[in-house]
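*Asks:* Would you mind keeping the following structure in view while I ask a few things?
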Amino acid sequence: MARVWEAATRRDTVLRAHPQLRELENGLAVAIKRFALSQCDDSAVRTALEAKSAYLKRHGIPLDYAEPEWACATCQDEGYIRGAPCVCREQAELDRIVAGSNLPAKLRQQTFDKFELKWYSTTKKSARGVTERSHARDALKSCQAFVARVLENRAERGLFVSGDVGLGKTFLLSAICNSLTEARIPTLYVVFSDLLAAIRDSFKPESTQSESRIMNATKEARVLILDDLGAEQVTEFVTNRLFDVINFRYNHNLPLVASSNLGTQQIADLYGPRIASRVLEMCEPLTLVGDDIRLQKQRQ
């Protein structure tokens, strides 16, 4: 109700400052009423709409000046649509259950159109004989294609993005997350070490979450993005939790996007062949090569 009240207050403020707009609104209401009663054709309504739109444009007033500014226009901030949870509620629940799953403010600004290829060399080549920029361009296209597949509900494979520190892995994962959440696809993004910390915190007596709840949210999220695999100290506890998540998503055809400073063979050495083989089967491998972008920026 607060947003409806805000919209009504905003409309009254605008109309007090623009008496002619109030007359145009009244004229539109009369035209609509007459059309509904079959007293005129729709040309009168179109004329009244065009006059109002022209006035708004001329005075720089937004077309939706009288509409509530919903945080979620789909459910109008109710959280439910015809009794079923809205996707905004699903996303909020994911963010609440898994501590550290919200993208930091800086990462929320990272989108595909801001991924700059200029930081990747057009002359230096990888061991595969491919230029650094070609690697980056291919990775960008694959990430965009993945988002498109998710939106079309045909994301059979996820992505595994590897490469040294500072080459844009987190940028690409953030862009994927931002694109999906903007399209209202509930997406869980979490740095793997933060996920482990959330699980360990759930063992504390004062915790409001349980390990099973965190694990279920991670397993069942519409899309799971695990950033920075391999940066944590690997123990049996870590390996078992990672296998449980990956194996569940593997068995239920749920997409996984992961990143690591390690290559696929190093992932196998670190976590074991069970995890590595599933990741390779579930995910298209992408590699970024080049010089640390942060250091390049500092040198400029």
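We did not get these values from a lab; they are worked out from the coordinates using the rules stated. All values reported here derive from a predicted model rather than from experimental measurement. Reconstructed Cβ throughout: ideal geometry from the backbone, glycine too, with neighbour counts over all protein chains shown.
*Asks:* Straight distance only, please: which lysines reach the Cα of K52 with their own Cα at less than 25 Å, same-chain residues fewer than 8 apart left out?
*Replies:* Qualifying lysines at Cα under 25 Å: K33.
*Asks:* Remind me, relative contact order of the chain in percent, using alpha carbon pairs under 8 angstrom and six or more residues apart?
*Replies:* Computed over the chain, the figure is 20 percent.
*Asks:* What length, rounded to one decimal in nm, is gained on full extension from Q298 through to D244, with 0.36 nm per residue of separation minus their alpha-carbon distance?
*Replies:* Here the segment from Q298 to D244 would lengthen by 15.4 nm.
*Asks:* Looking at V257, N178, S121, which one has the Cα that reaches farthest to the positive end of the dipole of the chain (charges on Cβ: Lys, Arg +1; Asp, Glu -1)?
*Replies:* So the residue we want is S121.
*Asks:* Something else now. If each residue of separation counts as 0.36 nm, what is the full-extension length gain between Q266 and R149 once their alpha-carbon separation is subtracted?
*Replies:* 39.3 nm
*Asks:* Follow-up. Hey, for a label at V165 modelled as a point 7 Å past Cα toward Cβ, could you say which residues of segment 258-280 have their backbone N under 11 Å away?
*Replies:* In segment 258-280, the label zone of V165 (backbone N under 11 Å from the point 7 Å along Cα→Cβ) covers no residue.
*Asks:* Using a basic spin-label model with each label point 7 Å from the Cα along Cα→Cβ, how many nm lie between V234 and S53?
*Replies:* So the two model labels end up 6.0 nm from each other.
*Asks:* Continuing with this model, one more query. Taking amide H positions as placed in the peptide plane 1.01 Å from N, state which residues far from S207 in sequence (5 or more) or on other chains have amide H under 5 Å from it.
*Replies:* Under 5 Å from the amide H of S207: no residue qualifies.
*Asks:* A follow-up question, please. Work from the charge dipole of the chain (Cβ charges, +1 for Lys and Arg, -1 for Asp and Glu, about the Cα centre) and give the residue of V191, C283, C143 farthest towards its positive end.
*Replies:* About the Cα centre, the residue reaching furthest to the positive side is C143.
*Asks:* Please state the charge dipole magnitude for segment 87-299, taken about the Cα centre, from unit charges on C-beta atoms (+1 on K and R, -1 on D and E), reported in debye and rounded to the nearest 20.
*Replies:* The dipole of segment 87-299 has a size of about 600 debye.
*Asks:* So if R0 is 51 Å, what FRET efficiency would H252 and Q20 give, r being the distance between their Cβ atoms, rounded to the nearest 0.05?
*Replies:* 0.30
*Asks:* Under a crude label model (7 Å from the Cα following the beta-carbon direction), how far is R46 from A127 in nanometres?
*Replies:* 6.7
*Asks:* So between I61 and L117, what do we pick up on full extension, going 0.36 nm a residue minus the alpha carbon distance?
*Replies:* Result for the pair: 16.3 nm of gain on full extension.
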